[in-house]
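To start, the structure itself, in C-alpha coordinates.
The values are calculated or read from the model by the stated rules, or taken from the named source; none is laboratory data. Because the structure is predicted, anything quoted here is derived from the model rather than measured. Note that we place each Cβ from the backbone using ideal geometry, even for glycine, and neighbour counts take in every protein chain shown. These accessible areas exclude ligands, DNA and RNA; they are computed on the full protein's heavy atoms, side chains included. Shrake-Rupley method; radii C 1.70, N 1.55, O 1.52, S 1.80 Å.
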Amino acid sequence: AEAAQSTMGSDRNEKKGFFSNRKTKCFVILVTLLISAMLHILLHLNSTVHPRSLASTTPHIYKKAFSKGTSVIPNGNTHENSESENDEGLDELTPLEKKMLNVSNWSNGETGFPGALTLEEAALCDPKTQAVLKGEPYVCAEDVTCLMCQEEGYTKKFNEQLKTWMDSEHTKERKAIYEKFRSQELVIIQAVNTGQLHLWLNWVCSCEANGINPRDITIMLPSDENAYNMIKKSGFVAVKPPKYDIDPNWGGRQGRQGHTFVNNMFVLTARELLALGHEVILHDVDIVWLKNPLPFINKIKTNMDVLTQLAPSWTMMGTGNTGFVYLACNTRTIAFVQTLINLLPIKGRSDQKLTNTVLRHYKMRQIRWMNLPNSLFPRLTHSDTPETHKHAILAHSVSNGKSKKFTQAGMYFFNESCSHYDKSLDLCRGTPIEKCML
(Lines give C-alpha, C1' and ligand atoms only; values in the text may rest on other atoms or scores of the structure.)
Protein backbone atom coordinates (compact mmCIF):
# COMPACT_ATOMS: atom_id res chain seq x y z
CA ALA A 1 0.00 0.00 0.00
CA GLU A 2 2.80 2.36 0.89
CA ALA A 3 4.48 1.55 -2.44
CA ALA A 4 1.24 2.23 -4.33
CA GLN A 5 0.70 5.56 -2.59
CA SER A 6 4.29 6.48 -3.34
CA THR A 7 3.80 5.64 -7.04
CA MET A 8 0.53 7.68 -7.31
CA GLY A 9 2.16 10.64 -5.65
CA SER A 10 5.02 10.41 -8.09
CA ASP A 11 2.57 10.38 -11.05
CA ARG A 12 0.74 13.43 -9.73
CA ASN A 13 4.00 15.30 -9.40
CA GLU A 14 5.01 14.38 -12.93
CA LYS A 15 1.62 15.56 -14.33
CA LYS A 16 1.79 18.73 -12.33
CA GLY A 17 5.23 19.37 -13.67
CA PHE A 18 4.09 18.75 -17.29
CA PHE A 19 1.13 21.19 -17.20
CA SER A 20 2.96 23.75 -15.11
CA ASN A 21 5.02 24.68 -18.16
CA ARG A 22 3.40 27.77 -19.83
CA LYS A 23 4.53 26.85 -23.37
CA THR A 24 3.05 23.40 -23.00
CA LYS A 25 -0.29 24.84 -21.88
CA CYS A 26 -0.40 27.14 -24.90
CA PHE A 27 0.41 24.25 -27.21
CA VAL A 28 -2.40 22.12 -25.81
CA ILE A 29 -4.91 24.96 -26.09
CA LEU A 30 -3.87 25.65 -29.71
CA VAL A 31 -4.20 22.00 -30.72
CA THR A 32 -7.62 21.82 -29.05
CA LEU A 33 -8.85 24.91 -30.95
CA LEU A 34 -7.57 23.56 -34.27
CA ILE A 35 -9.30 20.22 -33.77
CA SER A 36 -12.53 22.00 -32.83
CA ALA A 37 -12.36 24.20 -35.94
CA MET A 38 -11.76 21.21 -38.22
CA LEU A 39 -14.72 19.36 -36.74
CA HIS A 40 -16.93 22.45 -37.26
CA ILE A 41 -15.90 22.69 -40.92
CA LEU A 42 -16.53 19.00 -41.53
CA LEU A 43 -19.95 19.19 -39.93
CA HIS A 44 -20.85 22.27 -42.01
CA LEU A 45 -19.79 20.58 -45.25
CA ASN A 46 -21.80 17.49 -44.46
CA SER A 47 -24.92 19.58 -43.81
CA THR A 48 -24.65 21.68 -47.02
CA VAL A 49 -26.62 20.43 -50.03
CA HIS A 50 -25.14 21.23 -53.43
CA PRO A 51 -26.86 20.30 -56.69
CA ARG A 52 -23.93 18.20 -57.82
CA SER A 53 -23.65 16.34 -54.49
CA LEU A 54 -27.43 15.93 -54.44
CA ALA A 55 -27.34 14.46 -57.91
CA SER A 56 -24.77 11.86 -56.81
CA THR A 57 -26.51 10.74 -53.61
CA THR A 58 -30.24 10.84 -54.43
CA PRO A 59 -32.51 8.64 -56.55
CA HIS A 60 -32.27 8.51 -60.34
CA ILE A 61 -34.98 11.11 -60.98
CA TYR A 62 -32.96 13.81 -59.19
CA LYS A 63 -29.86 12.88 -61.12
CA LYS A 64 -31.82 13.59 -64.29
CA ALA A 65 -32.98 16.93 -62.89
CA PHE A 66 -29.45 18.12 -62.20
CA SER A 67 -27.78 16.51 -65.20
CA LYS A 68 -26.36 18.42 -68.14
CA GLY A 69 -28.86 19.22 -70.88
CA THR A 70 -31.39 21.83 -71.89
CA SER A 71 -33.39 24.24 -69.78
CA VAL A 72 -36.50 26.13 -70.79
CA ILE A 73 -36.61 29.94 -70.95
CA PRO A 74 -39.88 31.89 -70.92
CA ASN A 75 -40.10 32.99 -74.54
CA GLY A 76 -40.75 29.42 -75.55
CA ASN A 77 -37.25 28.71 -76.87
CA THR A 78 -34.76 26.35 -75.28
CA HIS A 79 -31.53 27.58 -73.78
CA GLU A 80 -28.67 25.16 -74.39
CA ASN A 81 -26.52 24.29 -71.38
CA SER A 82 -22.95 25.27 -72.21
CA GLU A 83 -21.55 22.03 -70.80
CA SER A 84 -23.58 19.61 -72.93
CA GLU A 85 -26.09 19.43 -75.72
CA ASN A 86 -27.75 16.13 -74.86
CA ASP A 87 -31.40 15.67 -73.95
CA GLU A 88 -30.89 13.23 -71.11
CA GLY A 89 -34.09 12.65 -69.17
CA LEU A 90 -36.54 13.65 -71.91
CA ASP A 91 -37.27 10.00 -72.70
CA GLU A 92 -39.01 9.73 -69.32
CA LEU A 93 -41.54 12.45 -70.19
CA THR A 94 -44.90 11.90 -71.84
CA PRO A 95 -45.67 13.69 -75.16
CA LEU A 96 -47.80 16.26 -73.30
CA GLU A 97 -45.02 16.90 -70.76
CA LYS A 98 -42.53 17.45 -73.58
CA LYS A 99 -44.95 19.84 -75.27
CA MET A 100 -45.37 21.82 -72.06
CA LEU A 101 -41.60 22.32 -71.72
CA ASN A 102 -42.14 24.97 -74.39
CA VAL A 103 -43.87 27.82 -72.58
CA SER A 104 -45.27 29.19 -75.83
CA ASN A 105 -47.56 26.14 -75.90
CA TRP A 106 -49.25 27.14 -72.64
CA SER A 107 -52.67 28.67 -72.83
CA ASN A 108 -53.53 31.37 -70.30
CA GLY A 109 -55.88 28.94 -68.62
CA GLU A 110 -53.00 26.58 -67.80
CA THR A 111 -51.75 28.90 -65.05
CA GLY A 112 -54.80 31.01 -64.31
CA PHE A 113 -53.42 34.02 -66.17
CA PRO A 114 -56.46 36.04 -67.24
CA GLY A 115 -55.40 37.13 -70.71
CA ALA A 116 -55.99 40.65 -71.98
CA LEU A 117 -58.19 42.80 -69.73
CA THR A 118 -61.04 44.93 -71.01
CA LEU A 119 -61.94 48.30 -69.53
CA GLU A 120 -64.58 46.60 -67.39
CA GLU A 121 -62.27 43.81 -66.22
CA ALA A 122 -59.40 46.16 -65.40
CA ALA A 123 -61.70 48.54 -63.50
CA LEU A 124 -58.88 51.00 -62.83
CA CYS A 125 -61.25 53.40 -61.05
CA ASP A 126 -62.54 50.82 -58.59
CA PRO A 127 -60.98 51.77 -55.22
CA LYS A 128 -61.83 48.34 -53.80
CA THR A 129 -59.41 46.54 -56.10
CA GLN A 130 -56.77 49.10 -57.12
CA ALA A 131 -53.82 50.36 -55.12
CA VAL A 132 -54.19 54.09 -54.52
CA LEU A 133 -50.78 55.73 -54.69
CA LYS A 134 -49.59 59.31 -54.81
CA GLY A 135 -49.40 61.08 -58.13
CA GLU A 136 -52.87 61.50 -59.63
CA PRO A 137 -54.36 58.00 -59.44
CA TYR A 138 -57.20 56.97 -61.72
CA VAL A 139 -60.36 58.27 -60.01
CA CYS A 140 -63.94 58.28 -61.25
CA ALA A 141 -66.68 57.88 -58.65
CA GLU A 142 -69.44 57.25 -61.17
CA ASP A 143 -67.62 54.78 -63.44
CA VAL A 144 -65.13 52.04 -62.47
CA THR A 145 -63.85 51.93 -66.07
CA CYS A 146 -62.78 55.61 -65.77
CA LEU A 147 -64.22 56.32 -69.22
CA MET A 148 -66.82 58.84 -68.04
CA CYS A 149 -64.16 60.95 -66.33
CA GLN A 150 -61.64 60.99 -69.20
CA GLU A 151 -60.17 64.31 -70.36
CA GLU A 152 -62.59 65.97 -72.75
CA GLY A 153 -61.75 65.31 -76.38
CA TYR A 154 -58.98 62.75 -75.71
CA THR A 155 -61.04 59.59 -76.23
CA LYS A 156 -62.58 60.97 -79.42
CA LYS A 157 -59.16 61.88 -80.81
CA PHE A 158 -57.76 58.47 -79.87
CA ASN A 159 -60.64 56.71 -81.64
CA GLU A 160 -59.87 58.75 -84.75
CA GLN A 161 -56.19 57.77 -84.51
CA LEU A 162 -57.12 54.09 -84.14
CA LYS A 163 -59.45 54.27 -87.13
CA THR A 164 -56.63 55.76 -89.21
CA TRP A 165 -54.23 53.10 -87.94
CA MET A 166 -56.58 50.31 -88.96
CA ASP A 167 -57.10 51.73 -92.47
CA SER A 168 -56.58 48.94 -94.99
CA GLU A 169 -53.86 50.74 -96.96
CA HIS A 170 -51.91 51.63 -93.83
CA THR A 171 -52.25 48.05 -92.54
CA LYS A 172 -50.91 46.77 -95.86
CA GLU A 173 -47.95 49.15 -95.58
CA ARG A 174 -47.07 47.88 -92.09
CA LYS A 175 -47.31 44.23 -93.13
CA ALA A 176 -44.90 44.86 -95.99
CA ILE A 177 -42.45 46.47 -93.55
CA TYR A 178 -42.73 43.60 -91.07
CA GLU A 179 -41.93 41.12 -93.83
CA LYS A 180 -38.46 42.70 -94.16
CA PHE A 181 -37.76 41.81 -90.53
CA ARG A 182 -39.01 38.21 -90.64
CA SER A 183 -35.58 36.75 -89.83
CA GLN A 184 -34.97 39.03 -86.84
CA GLU A 185 -35.59 37.57 -83.38
CA LEU A 186 -35.76 41.05 -81.82
CA VAL A 187 -37.07 44.30 -83.31
CA ILE A 188 -36.65 47.84 -81.94
CA ILE A 189 -39.47 50.30 -82.59
CA GLN A 190 -39.28 54.08 -82.27
CA ALA A 191 -41.94 56.74 -82.86
CA VAL A 192 -41.05 60.32 -83.78
CA ASN A 193 -42.38 63.56 -85.22
CA THR A 194 -40.50 66.46 -86.83
CA GLY A 195 -40.18 68.31 -83.53
CA GLN A 196 -38.18 65.42 -82.06
CA LEU A 197 -35.89 64.78 -85.02
CA HIS A 198 -32.92 66.46 -83.30
CA LEU A 199 -33.26 63.99 -80.42
CA TRP A 200 -33.61 60.99 -82.73
CA LEU A 201 -30.60 62.11 -84.79
CA ASN A 202 -28.65 62.48 -81.54
CA TRP A 203 -29.30 58.76 -80.98
CA VAL A 204 -28.28 57.97 -84.58
CA CYS A 205 -25.09 59.99 -84.12
CA SER A 206 -24.34 58.26 -80.80
CA CYS A 207 -24.54 54.92 -82.57
CA GLU A 208 -22.27 56.18 -85.34
CA ALA A 209 -19.73 57.54 -82.83
CA ASN A 210 -19.60 54.20 -81.03
CA GLY A 211 -19.46 51.99 -84.12
CA ILE A 212 -23.00 50.56 -83.84
CA ASN A 213 -25.40 50.07 -86.76
CA PRO A 214 -28.95 49.32 -85.54
CA ARG A 215 -30.68 49.72 -88.92
CA ASP A 216 -31.27 46.01 -89.52
CA ILE A 217 -33.40 45.66 -86.39
CA THR A 218 -35.12 49.07 -86.14
CA ILE A 219 -38.57 50.05 -87.42
CA MET A 220 -39.35 53.77 -87.32
CA LEU A 221 -42.88 55.12 -86.87
CA PRO A 222 -42.93 58.76 -88.02
CA SER A 223 -46.12 60.71 -87.43
CA ASP A 224 -45.64 63.19 -90.29
CA GLU A 225 -44.24 63.33 -93.82
CA ASN A 226 -41.22 65.49 -93.01
CA ALA A 227 -40.04 63.11 -90.29
CA TYR A 228 -40.56 60.18 -92.66
CA ASN A 229 -38.34 61.75 -95.33
CA MET A 230 -35.54 62.51 -92.85
CA ILE A 231 -35.62 58.95 -91.50
CA LYS A 232 -35.43 57.45 -95.00
CA LYS A 233 -32.55 59.81 -95.83
CA SER A 234 -30.68 58.44 -92.78
CA GLY A 235 -30.99 54.87 -94.06
CA PHE A 236 -33.63 53.56 -91.63
CA VAL A 237 -36.78 51.60 -92.44
CA ALA A 238 -39.91 53.65 -91.75
CA VAL A 239 -43.64 53.05 -92.01
CA LYS A 240 -45.13 55.71 -94.27
CA PRO A 241 -47.49 57.73 -92.05
CA PRO A 242 -51.15 58.31 -92.85
CA LYS A 243 -52.58 61.74 -92.09
CA TYR A 244 -52.56 61.72 -88.28
CA ASP A 245 -53.90 64.67 -86.33
CA ILE A 246 -50.65 64.92 -84.32
CA ASP A 247 -48.74 68.16 -83.82
CA PRO A 248 -45.60 67.74 -86.00
CA ASN A 249 -43.72 70.49 -84.16
CA TRP A 250 -44.12 69.14 -80.63
CA GLY A 251 -40.54 68.84 -79.36
CA GLY A 252 -40.73 66.12 -76.76
CA ARG A 253 -41.89 67.91 -73.63
CA GLN A 254 -43.77 65.67 -71.24
CA GLY A 255 -47.48 66.06 -70.64
CA ARG A 256 -48.26 67.41 -74.09
CA GLN A 257 -50.91 65.76 -76.25
CA GLY A 258 -48.38 65.17 -79.02
CA HIS A 259 -46.49 62.93 -76.61
CA THR A 260 -49.39 60.61 -75.89
CA PHE A 261 -50.55 60.20 -79.50
CA VAL A 262 -47.05 59.59 -80.87
CA ASN A 263 -46.51 56.93 -78.21
CA ASN A 264 -49.83 55.21 -78.93
CA MET A 265 -48.15 53.91 -82.07
CA PHE A 266 -45.67 52.03 -79.87
CA VAL A 267 -48.10 49.59 -78.34
CA LEU A 268 -50.16 49.15 -81.51
CA THR A 269 -47.02 48.12 -83.41
CA ALA A 270 -45.66 46.02 -80.55
CA ARG A 271 -48.84 43.94 -80.48
CA GLU A 272 -48.50 43.12 -84.17
CA LEU A 273 -44.81 42.23 -83.90
CA LEU A 274 -45.36 40.01 -80.86
CA ALA A 275 -48.07 38.15 -82.78
CA LEU A 276 -45.49 37.46 -85.51
CA GLY A 277 -43.11 35.93 -82.96
CA HIS A 278 -40.65 38.79 -82.42
CA GLU A 279 -39.24 40.04 -79.16
CA VAL A 280 -39.67 43.81 -79.02
CA ILE A 281 -37.91 46.84 -77.54
CA LEU A 282 -39.96 50.03 -77.18
CA HIS A 283 -37.38 52.79 -77.49
CA ASP A 284 -37.89 56.53 -76.94
CA VAL A 285 -35.89 58.83 -79.21
CA ASP A 286 -34.39 60.85 -76.32
CA ILE A 287 -31.83 58.12 -75.60
CA VAL A 288 -28.17 57.71 -76.60
CA TRP A 289 -26.22 54.48 -76.95
CA LEU A 290 -22.72 54.54 -75.49
CA LYS A 291 -22.40 50.82 -76.12
CA ASN A 292 -24.55 48.22 -77.84
CA PRO A 293 -27.15 47.29 -75.16
CA LEU A 294 -28.29 44.04 -76.80
CA PRO A 295 -25.55 41.71 -75.46
CA PHE A 296 -26.47 42.73 -71.89
CA ILE A 297 -30.21 42.43 -72.61
CA ASN A 298 -29.74 38.98 -74.14
CA LYS A 299 -27.92 37.79 -71.02
CA ILE A 300 -30.34 39.21 -68.46
CA LYS A 301 -33.67 38.55 -70.22
CA THR A 302 -33.80 34.85 -69.28
CA ASN A 303 -36.87 34.11 -67.12
CA MET A 304 -38.21 37.66 -67.61
CA ASP A 305 -41.24 38.90 -69.56
CA VAL A 306 -40.68 42.66 -69.22
CA LEU A 307 -37.55 44.74 -68.57
CA THR A 308 -37.74 48.50 -68.06
CA GLN A 309 -35.49 51.36 -67.07
CA LEU A 310 -35.83 52.57 -63.50
CA ALA A 311 -38.24 55.39 -62.63
CA PRO A 312 -37.19 55.98 -59.00
CA SER A 313 -40.60 56.93 -57.67
CA TRP A 314 -43.09 55.03 -55.50
CA THR A 315 -46.01 56.87 -57.05
CA MET A 316 -48.44 56.08 -59.86
CA MET A 317 -45.56 56.83 -62.25
CA GLY A 318 -43.08 54.27 -60.87
CA THR A 319 -41.06 52.25 -60.82
CA GLY A 320 -40.85 51.31 -64.49
CA ASN A 321 -39.64 53.95 -66.95
CA THR A 322 -41.40 53.34 -70.26
CA GLY A 323 -38.69 55.04 -72.35
CA PHE A 324 -36.88 51.73 -72.82
CA VAL A 325 -38.94 48.54 -72.50
CA TYR A 326 -37.97 45.00 -73.48
CA LEU A 327 -40.84 42.57 -74.15
CA ALA A 328 -40.32 38.84 -74.46
CA CYS A 329 -42.59 37.04 -76.89
CA ASN A 330 -45.08 34.84 -75.04
CA THR A 331 -48.75 34.67 -74.07
CA ARG A 332 -48.26 36.89 -71.02
CA THR A 333 -46.64 39.79 -72.88
CA ILE A 334 -49.17 39.57 -75.69
CA ALA A 335 -51.98 39.79 -73.12
CA PHE A 336 -50.16 42.64 -71.34
CA VAL A 337 -49.75 44.74 -74.51
CA GLN A 338 -53.31 44.00 -75.64
CA THR A 339 -54.50 45.19 -72.23
CA LEU A 340 -52.62 48.46 -72.73
CA ILE A 341 -54.33 48.86 -76.10
CA ASN A 342 -57.74 48.11 -74.57
CA LEU A 343 -57.09 50.82 -71.97
CA LEU A 344 -55.77 53.48 -74.35
CA PRO A 345 -59.17 55.26 -74.37
CA ILE A 346 -58.55 56.23 -70.72
CA LYS A 347 -54.77 56.66 -70.85
CA GLY A 348 -54.76 60.44 -70.95
CA ARG A 349 -51.33 62.03 -71.30
CA SER A 350 -49.17 59.56 -69.42
CA ASP A 351 -47.98 56.28 -70.92
CA GLN A 352 -45.93 55.60 -67.83
CA LYS A 353 -48.84 55.86 -65.41
CA LEU A 354 -50.94 53.42 -67.42
CA THR A 355 -48.09 50.94 -67.96
CA ASN A 356 -47.13 50.83 -64.29
CA THR A 357 -50.77 50.58 -63.21
CA VAL A 358 -51.26 47.53 -65.42
CA LEU A 359 -47.99 45.94 -64.24
CA ARG A 360 -49.18 46.36 -60.63
CA HIS A 361 -52.70 45.07 -61.39
CA TYR A 362 -53.60 42.10 -59.22
CA LYS A 363 -54.67 40.11 -62.29
CA MET A 364 -51.27 40.63 -63.92
CA ARG A 365 -49.16 39.32 -61.05
CA GLN A 366 -47.74 36.45 -63.12
CA ILE A 367 -45.92 38.85 -65.43
CA ARG A 368 -42.22 38.62 -64.63
CA TRP A 369 -41.00 42.20 -64.63
CA MET A 370 -37.69 43.71 -63.52
CA ASN A 371 -36.05 47.13 -63.74
CA LEU A 372 -32.65 47.35 -65.41
CA PRO A 373 -29.74 48.55 -63.22
CA ASN A 374 -29.61 52.34 -63.08
CA SER A 375 -25.80 52.40 -63.16
CA LEU A 376 -25.90 50.92 -66.68
CA PHE A 377 -29.22 52.38 -67.93
CA PRO A 378 -29.44 55.77 -66.18
CA ARG A 379 -31.85 58.69 -66.42
CA LEU A 380 -30.01 61.97 -66.88
CA THR A 381 -30.48 64.88 -64.47
CA HIS A 382 -29.59 68.57 -64.72
CA SER A 383 -26.59 68.08 -62.41
CA ASP A 384 -24.87 65.33 -64.43
CA THR A 385 -21.34 65.74 -65.81
CA PRO A 386 -19.28 63.58 -68.20
CA GLU A 387 -17.98 61.68 -65.16
CA THR A 388 -21.40 60.88 -63.70
CA HIS A 389 -22.30 57.96 -65.97
CA LYS A 390 -18.96 56.74 -67.30
CA HIS A 391 -20.09 53.10 -66.97
CA ALA A 392 -23.45 53.56 -68.71
CA ILE A 393 -24.52 51.38 -71.64
CA LEU A 394 -27.16 53.90 -72.67
CA ALA A 395 -28.63 57.06 -71.14
CA HIS A 396 -32.11 58.55 -71.25
CA SER A 397 -32.80 62.29 -71.02
CA VAL A 398 -36.26 62.32 -69.48
CA SER A 399 -38.69 65.16 -68.83
CA ASN A 400 -37.70 68.61 -70.14
CA GLY A 401 -34.37 70.22 -71.02
CA LYS A 402 -33.28 67.08 -72.88
CA SER A 403 -30.59 68.65 -75.09
CA LYS A 404 -29.22 70.58 -72.12
CA LYS A 405 -28.82 67.41 -70.04
CA PHE A 406 -27.21 65.53 -72.92
CA THR A 407 -24.72 68.36 -73.42
CA GLN A 408 -23.80 68.66 -69.74
CA ALA A 409 -23.27 64.89 -69.55
CA GLY A 410 -21.04 64.94 -72.63
CA MET A 411 -23.61 62.96 -74.63
CA TYR A 412 -24.74 65.42 -77.30
CA PHE A 413 -23.49 63.69 -80.46
CA PHE A 414 -25.65 65.70 -82.90
CA ASN A 415 -22.91 68.05 -84.11
CA GLU A 416 -20.63 68.69 -87.10
CA SER A 417 -18.62 65.50 -86.45
CA CYS A 418 -21.67 63.35 -87.26
CA SER A 419 -22.41 62.52 -90.90
CA HIS A 420 -26.15 63.01 -90.22
CA TYR A 421 -25.82 66.49 -88.77
CA ASP A 422 -28.30 69.08 -90.05
CA LYS A 423 -27.87 72.51 -88.50
CA SER A 424 -31.46 73.46 -89.36
CA LEU A 425 -32.62 70.77 -86.91
CA ASP A 426 -30.15 71.66 -84.14
CA LEU A 427 -32.62 73.71 -82.10
CA CYS A 428 -30.09 74.74 -79.44
CA ARG A 429 -27.48 75.92 -81.95
CA GLY A 430 -26.25 79.39 -81.00
CA THR A 431 -28.11 79.31 -77.66
CA PRO A 432 -26.22 79.23 -74.32
CA ILE A 433 -26.66 75.73 -73.01
CA GLU A 434 -28.03 76.91 -69.67
CA LYS A 435 -30.93 78.52 -71.55
CA CYS A 436 -31.69 75.66 -73.92
CA MET A 437 -34.66 73.79 -72.44
CA LEU A 438 -35.51 71.74 -75.54
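Going by what's in this entry, would Val192 be described as within 30 Å of Phe236 (Cα to Cα), crowded, with 17+ Cβ neighbours inside 10 Å and of a type in the set (Val, Ile, Thr)?
Taking the combined requirement at face value, the residue satisfies it.
Which one of the conditions (1) of a type outside the set (Asp, Glu); (2) more than 27 Å from Ser397 (Cβ to Cβ); (3) part of a loop (DSSP other than H, G, I, E, B) does Gly211 fail to meet, given that it meets all the rest?
Single failed check for Gly211: (2).
When the residues of region 342-396 are narrowed to those that are of a type in the set (Gly, Ala, Ser) and touching a residue at least 60 places away in the same chain (Cβ under 8 Å), which ends up nearest to Gly135 (Cα to Cα)?
The extreme case among them is Ser350.
Tell me which residues, restricted to region 391-429, are surrounded by fewer than 17 Cβ atoms within 10 Å (Cβ to Cβ) and part of a helix (DSSP H, G or I).
Lys423, Ser424
Can you tell me which residue among Pro373, Pro378 is closer than 15 Å to Leu290 by Cβ and either open to solvent by 20 Å² or more (accessible area, probe 1.4 Å) or modelled with pLDDT under 90 (or both)?
Testing whether each residue is closer than 15 Å to Leu290 by Cβ and either open to solvent by 20 Å² or more (accessible area, probe 1.4 Å) or modelled with pLDDT under 90 (or both) leaves just Pro373.
How many residues does region 295-319 contain that are of a type outside the set (Val, Ile, Thr), open to solvent by 30 Å² or more (accessible area, probe 1.4 Å) and in contact (Cβ under 8 Å) with a residue 12 or more places away in the chain?
7
Restricting attention to region 138-166, which residues are closer than 26 Å to Cys329 by Cβ and open to solvent by 60 Å² or more (accessible area, probe 1.4 Å)?
Met166 - this is the single residue of region 138-166 that is closer than 26 Å to Cys329 by Cβ and open to solvent by 60 Å² or more (accessible area, probe 1.4 Å).
Considering only region 106-129, I want to know if a residue exists there that is aliphatic (A, V, I, L, M) and open to solvent by 60 Å² or more (accessible area, probe 1.4 Å).
Taking every residue of region 106-129 in turn, none turns out to be aliphatic (A, V, I, L, M) and open to solvent by 60 Å² or more (accessible area, probe 1.4 Å).
Name, by its number, the condition in (1) more than 21 Å from the chain's Cα centre (by Cα); (2) open to solvent by 10 Å² or more (accessible area, probe 1.4 Å) that does not hold for Ala275.
(1)
When residues of region 76-105 are filtered for being assigned to a loop (DSSP other than H, G, I, E, B) and either modelled with pLDDT of 75 or more or loosely packed, with under 13 Cβ neighbours inside 10 Å (or both), how many remain?
So the answer is 10.
(1) surrounded by 20 or more Cβ atoms within 10 Å (Cβ to Cβ); (2) of a type outside the set (Ser, Thr, Tyr); (3) within 27 Å of Tyr154 (Cα to Cα): which one isn't true of Arg349, the others all being true?
(1)
Scan region 228-247 residue by residue and report those that are of a type outside the set (D, E, K, R), crowded, with 17+ Cβ neighbours inside 10 Å and either farther than 17 Å from Ile188 by Cβ or modelled with pLDDT under 95 (or both).
Result: Tyr228, Met230, Pro241, Tyr244, Ile246.
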